[in-house]
Each structure stands twice: as C-alpha cells, then as structure tokens.
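Working notes, beginning with the structure itself.
Only the coordinates and a few stated rules stand behind these numbers; no lab work does. Since we're looking at a predicted model, the values are computed, not measured. No Cβ is skipped: glycine too gets one built from the backbone with ideal geometry, and neighbour counts run over all protein chains shown.
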Amino acid sequence: MAGINVGRVIGGGLLAGVVINLVDGVTNGAILGARWAEETKRLGIDMATQSASLAGWLTFGFLCGIVLVWLYASIRPRYGPGPKTAVIAGLTVWIITRLAFAAWWFSGLYSFGVVAASAVGGLVAAVAGGLAGCALYKETA
C-alpha cells in the first residue's frame with residue numbers, strides 16, 4: 001500500500017478550495033449578502049470596513065479543500081477510490097464546519113434562517129468541491 005500523495009492532496013485541495021469558495025461566494029455573497037450585512041450591522045459591525053474578512057474566508061475555503069482531499073486520501077483504503085468516497089469526505093468536512101457555525105445561531109448572533117440557508121449552500125460547496133478535488137487525487141505507485 002502506497003502512502004498519501006501529498007502533492008496530489010495539495011493540488012486537489014486547492015481545486016476543491018476554488019469550488020468551495022465559488023459556491024460559498026454565490027451563496028453568502030450574491031444570495032445572502034444583504035441578510036448577512038443586515039444581521040452583522042445589528043451587532044455593531046460594519047462589514048464595509050472589514051477588508052480582512054474576505055481574505056479570511058477565502059483562506060478558510062482553501063484549507064477546507066485541502067483537509068477534504070487529505071481525508072479522502074485517508075479513508076480511500078477502506079471505502080475505495082471514487083465519487084462515493086469523495087462525497088463521504090465532503091459531507092464529513094461539511095458536518096464539522098457547520099456544527100461550528102451553528103454556534104452563531106445558538107448564541108443568538110445570527111438568525112436560524114440565514115445560518116441554515118448558508119449551511120445548504122455549504123453542503124453544495126463541500127460535495128462539489130469534494131468531487132472536483134478528489135478526482136485529481138491518485139496514489140503514487
């Protein structure tokens with residue numbers, strides 16, 4: 001059994017990150033942007049002055065992509081290569097991240113509606129990113 005191909009994890013992870021960032025950008029920017037801005041303003045934060053916020057979210061998306069492909073490579077020996085395993089890895093990353101983001105609702109910072117809508121977009125992002133990024137992953141001979 002070959003070890004994890006780190007180069008392919010990073011390459012596939014970056015591709016997964018691009019897909020995750022695109023889907024999350026459409027979901028949380030184009031579709032939910034006004035709702036996020038309204039609810040964030042209620043907290044006394046003006047998102048127009050938060051230039052580091054976008055860079056942080058983009059970095060987070062790329063890191064999620066790399067973790068997702070690493071997870072795929074790690075579970076591949078048990079579940080086999082292919083789309084089913086990529087979806088399992090994507091769903092796992094989605095569950096972990098969305099459980100953390102649910103704290104925004106639990107703590108009363110944001111409404112259930114905006115957090116749930118974002119979670120649906122995140123589900124699409126994680127599965128699509130997983131399918132794209134994991135398709136690039138191959139073991140070394």
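Can you work out the Karplus-derived ³J(HN,Hα) for every residue in the range 60-75? Use 6.51 cos²θ - 1.76 cosθ + 1.60 with θ = phi - 60°, whole Hz, and x for glycine or proline.
Ordered by residue, 3J(HN,Hα) equals 4, x, 5, 5, 4, x, 5, 4, 4, 5, 4, 4, 4, 4, 6, 9 Hz.
Amide H to amide H under 5 Å from TYR110: which residues, 5+ apart in sequence or cross-chain, H placed 1.01 Å off N in plane?
Amide H neighbours of TYR110, under 5 Å, 5+ apart: TRP105.
With unit charges on the beta carbons (Lys and Arg positive, Asp and Glu negative) and the dipole taken about the Cα centre of the chain, which residue among ALA126, TRP36, VAL23 sits farthest to the positive side?
Value computed over the given set: ALA126.
Cut-off is 10 Å between beta-carbons; in what order do LEU43, LEU14 appear when sorted fewest neighbours first? Provide the component values of the computation, followed by the final result.
On the way: LEU43 9, LEU14 15.
The order, fewest Cβ neighbours first, is LEU43, LEU14.
With mean projected area of the Cα convex hull in nm² defined as stated, name the option among (i) 8.5; (ii) 15.1; (iii) 13.7 computed from the structure displayed.
(i)
Counting helices only, and only those DSSP H runs with n ≥ 4, report the 222 nm mean residue ellipticity of the chain as the sum of -39,500 (n - 2.57) divided by its residues, in deg cm²/dmol to the nearest 500.
The per-residue figure over the chain is -26500 deg cm²/dmol.
Any idea what angle helix 6-25 forms with the longest principal axis of the chain, computed on alpha-carbon atoms, 0 to 90 degrees, nearest 10?
The angle comes out near 30 degrees.
Find how much the distance from ILE45 to ILE4 grows on full extension, using 0.36 nm per residue of separation minus their present alpha carbon separation; answer in nm with one decimal. Show your work: numbers first, answer last.
Working: separation 41, 0.36 × 41 = 14.76 nm, distance 4.28 nm.
Once the chain is fully extended between ILE45 and ILE4, it gains 10.5 nm.
Tell me, in nm to one decimal, what length is gained between ALA52 and ILE75 on full extension, where the rule is 0.36 nm per residue of separation less the Cα-Cα distance?
In short, 4.8 nm is gained.
State, to one decimal in nm, how far the label point of ILE96 lies from the label point of VAL120, with both points 7 Å from Cα in the Cβ direction.
Result for the modelled spin labels: 2.6 nm.
Assigning unit charges at the beta carbon (Lys, Arg +1; Asp, Glu -1) and nothing else, what dipole magnitude in debye, to the nearest 20, does the range 6-135 show about its Cα centre?
420 debye
If you take the charge dipole of the chain about its Cα centre, with +1 on Lys and Arg Cβ and -1 on Asp and Glu Cβ, which of SER107, ILE95, ALA135 is farthest toward its positive end?
Ranked along the dipole, the leading option is ALA135.
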